[in-house]
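Let me begin by presenting the structure, written as structure tokens, before commenting on it.
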Amino acid sequence: MSNKFVPLPDLPPPSNTVGVVGWLRTNLFSSPVNSVLTIIAFYLIYSGISWFVSWGVINADVIGTSREDCTSGGACWVFISVRLPQFIYGFYPPDEVWRINLMFAIAIIGIVALMIDKTPKKGWIALFMLVIFPIIAYFLLYGGAFGLEVVETHKWGGLTLTLVIATVGIVVSLPIGVALALGRRSEMPIVKSISVVYIEFWRGVPLITVLFMASVMLPLFMSEGTETDKLVRAMIGVIMFQSAYMAEVVRGGLQAIPKGQYEAAHSLGLSYWKMMFFIILPQALKLMIPGIVNTFIALFKDTSLVLIIGLFDLLAIVQSALHDPKWLGFSVEGYIFVAFLFWVFCFGMSRYSQALERKLNTSHR
Amino acid sequence: MDIQNKGQDKAKTKIWNDPAVRSVFFQVLAVGAVVAFFLYIINNALTNMEQRGITTGFAFLGDQAGFGILQSLIEYDETHSFGRTFFVGLLNTVLVAVLGIILATILGFFIGIGRLSHNWLISKLATTYIETFRNIPLLLQIFFWYFAVLQGLPSPRNSMSIGESVFFNIRGLYLPGPVYEDGFGAVAFAIVVAIGIIIGLVRFERKRQRETGKTFPLFLPSVGILCGLPLIVYFLAGSPMHWDYPVLTGFNFKGGLTIIPELIALLIALTVYTAAFIAEVVRSGIEAIPRGQSEAANALGLSNGQRLRLVIIPQAMRVIIPPMTNQYLNLTKNSSLATAIGYPDLVSVFMGTTLNQTGQAIEIIFMTMAVYLFLSLSTSALMNWYNSRIALVER
């Protein structure tokens, strides 16, 4: 009588812990409180989405040329499509718009090339984008050389102006910020205190007061007879403001470098500047990327403030289009459109910086 | 040998390679540059102002302002001075900042905790909220609430109402306002006494717990004392307060409390925007506490509430306080965007209207910036002090 032990096969897991039902139970209905919250959240999402779909998609008008084409009672995207060129180029003369497009095209090609890993001669492209491209972009936008007609800065506007202010602001404020951060960590007491006062001052006041100051006070500070462009004044304000924030980002990066790196550089006999440029800053820069991108996103959003001193950035153009008697009453469409554009840029940048961070992460943890 | 080396060093080091000399040289250079810069701009400013016939000095603060302000917390009309407009604007800024900070903190806490929720739908909803609102410019949000939402409200005649005492229309929110009569001082005094008794109770409870280990439920008795005592005094004193209800007269409401639409739009936008940032601060603060702390608290037999109150929140606060301070400062500075929709804050009233009326650009910009600078620096000093007090002491 051989009674060999044969185990029964494993039973499948209880049906309420696997599959859709299991997922719902653990993630949505794990307790009475959670069930109530789920139902409330579901209701909120459902009502929000169904309102937007019926207003912005089903009952919306897209095709047309004037407000008479908006008959369905929902959103009137005709307003956006008719005004689109103005939202993007501002009051730039339509015949010259190809110059802006060309500039955007070069910028996009350059940035895409820099973002792809396998691009050959990346260093040269980076150098081109940082040194030569700004010059090309200036002549393309402003003109006045190579037979290009001059387009005064007060005709610039829309998304173009927003991007120009944000990019110039960040590119110029980065080196100033590095200098200020080095000054703040310097052992020379006077240099240090000058940097601290500068940084704390600009960080302590709202951007709007800085812009007011730049537009009202700057002309007083200039020597007699120098006329400064409104856009240049706004940019000076933005750069002074932004460089203080940048300095703190850089300082954070510098502080994160272990002391041993400084000591090792010293023991190799490197001078201060050699130590900074070859050892410290390259390492710090990697750590600063999230901070720099955050500053850039903040600046990009803050460019909308220039409308208060009378520049026509994207938001200002939409705002003024809303006051056009032919198009009264489409403010929700206008704001949703601008919000969407800003959101795409900001969200995209933050996602890209997170990806970059992961890519550059060389620590072996 | 050492001495010899030192001697050699001295002989070898060129004077411009000596760190001490260099340091002095660069600092003199820096001071020189800064002084030259300021001399240059001050000199330019003085010449320019002389040419344009602008007088300098703060004498204009005593002049009669001659313009009205939409909302003021202190008594103000056209006959008051420019100096007074400064305080009206300042108080309006402080009002928005304080209300905004309170509301944004509450909303931000809920959303931050919601993002950590085990409920999939709630956490995704919170994430969507955060990613949406922090990536849209604040100014755009202010415009949206002011021009798109509040301008779509009904006229005073058709206003939305709750029980004929609260009205909401295109001109603002109308609430019943309290009117205090003689004897209300006794009620205020009762509130102070109640707070005093509660503080005494807390002390007693702590002492008793230290000595005997027994705990005493504090929360409900405290609430009872805080509400009950003033209420009893209120009725004993013969109800020395009544409500002033807003009434529709002609085209608008009269009486009660009025909250202007500019303030509502600004508060909603500031709250919604800042709450997205605060939520992330709260989330990162709570996530920074190791799981072992919760487990240890459970192992000690602490209740859920005790675990949060005594173990988790005190530690999370260390991580939360510094970035939270930054958000509060940002909100205060961002309240200056009020000028875009005409809410009479400091920037709008003083840097806008007063500057246009007087032309005293330098003094006015200096005063406005000084106010924000003072607010920022004193808040961060206070928070640094608090932070150093609660910081982890490591040996």
Problem set entry | Stokes-Einstein D for the stretch A:149-244, Kirkwood Rh over Cα pairs, 37 °C, 0.692 mPa s (µm²/s) | 222 µm²/s
Problem set entry | Solvent accessible area, Å² - A:D302, 1.4 Å probe, full protein context | 50 Å²
Exercise. Which order do A:L102, A:L356 take when ranked by solvent-accessible area (1.4 Å probe, heavy atoms of all protein chains), largest first?
Worked result: A:L102, A:L356
Seminar exercise, completed: Reported to the nearest 10 Å², B:L121 has, with a 1.4 Å probe, an accessible area equal to 20 Å²
For this session: Could you work out the mean count of beta carbons from other protein chains within 10 Å of each residue's beta carbon in B:140-147?
Result: 5
Problem set entry | chain B: most fluctuating residue of B:I341, B:I264, B:I191 per GNM, C-alpha cutoff 10 Å | B:I191
For this session: Partner chain Cβ atoms within 10 Å, averaged over the residues of A:208-215 - can you pull that number for me?
Result: 6
Problem set entry | Relative contact order for the stretch A:109-236, counting Cα pairs under 8 Å that sit 6 or more residues apart, in percent | 16 percent
Exercise. Roughly how many whole Å is it from the C-alpha centroid of the stretch A:137-170 to that of the stretch B:28-99?
Worked result: 34 Å
For this session: For the stretch A:269-282, take each phi angle, set θ = phi - 60°, evaluate the Karplus expression 6.51 cos²θ - 1.76 cosθ + 1.60, and give the result in whole Hz per residue in order, putting x for glycine and proline.
Result: x, 6, 6, 3, 5, 5, 4, 5, 6, 9, 10, 7, 4, x
Exercise. Under the definition of partner shielding as Cβ atoms of other protein chains within 10 Å of a residue Cβ, what is the mean value for peptide B:16-27?
Worked result: 2
Exercise. Could you give the alpha-carbon Rg of the protein assembly as shown over 2.2 N^0.38 Å, rounded to two decimals?
Worked result: 1.14
For this session: Quick one, could you list the DSSP H helices from chain B stretching 30 Å or more along their long axis (Cα atoms) with average Kyte-Doolittle hydropathy of 0.5 or above?
Result: B:19-52, B:82-115, B:184-212, B:261-287, B:361-390
Exercise. Each residue of the stretch A:115-129 in turn: what ³J(HN,Hα) in whole Hz from Karplus with 6.51, -1.76, 1.60 and θ = phi - 60°, glycine and Pro shown as x?
Worked result: 7, 7, 5, 8, 4, x, 6, 4, x, 5, 5, 4, 4, 4, 5
For this session: Find the Rg to Rh ratio for chain B, where Rh is the Kirkwood radius over alpha-carbon pairs and Rg uses the same atoms.
Result: 1.08
Exercise. Do you know the relative contact order of the stretch A:93-150, to the nearest whole percent, from alpha carbon pairs under 8 angstrom that are 6+ apart?
Worked result: 35 percent
Seminar exercise, completed: Treating every alpha carbon of chain A as one equal point scatterer without solvent, the Debye formula yields log10 I(q)/I(0) values at q = 0.06, 0.11, 0.14 Å⁻¹ of -0.37, -0.99, -1.30
Problem set entry | the stretch A:93-150: translational diffusion in µm²/s, Stokes-Einstein, Kirkwood Rh over Cα pairs, 20 °C, 1.002 mPa s | 174 µm²/s
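The values are calculated or read from the model by the stated rules, or taken from the named source; none is laboratory data. Quick caveat, the model's predicted, so the values are computed rather than measured. Glycine also receives a Cβ, built like all others from the backbone with ideal geometry; neighbour counts cover every protein chain displayed. The accessibility values were calculated without ligands, DNA or RNA, using every heavy atom of the protein model including side chains. Shrake-Rupley method; radii C 1.70, N 1.55, O 1.52, S 1.80 Å.
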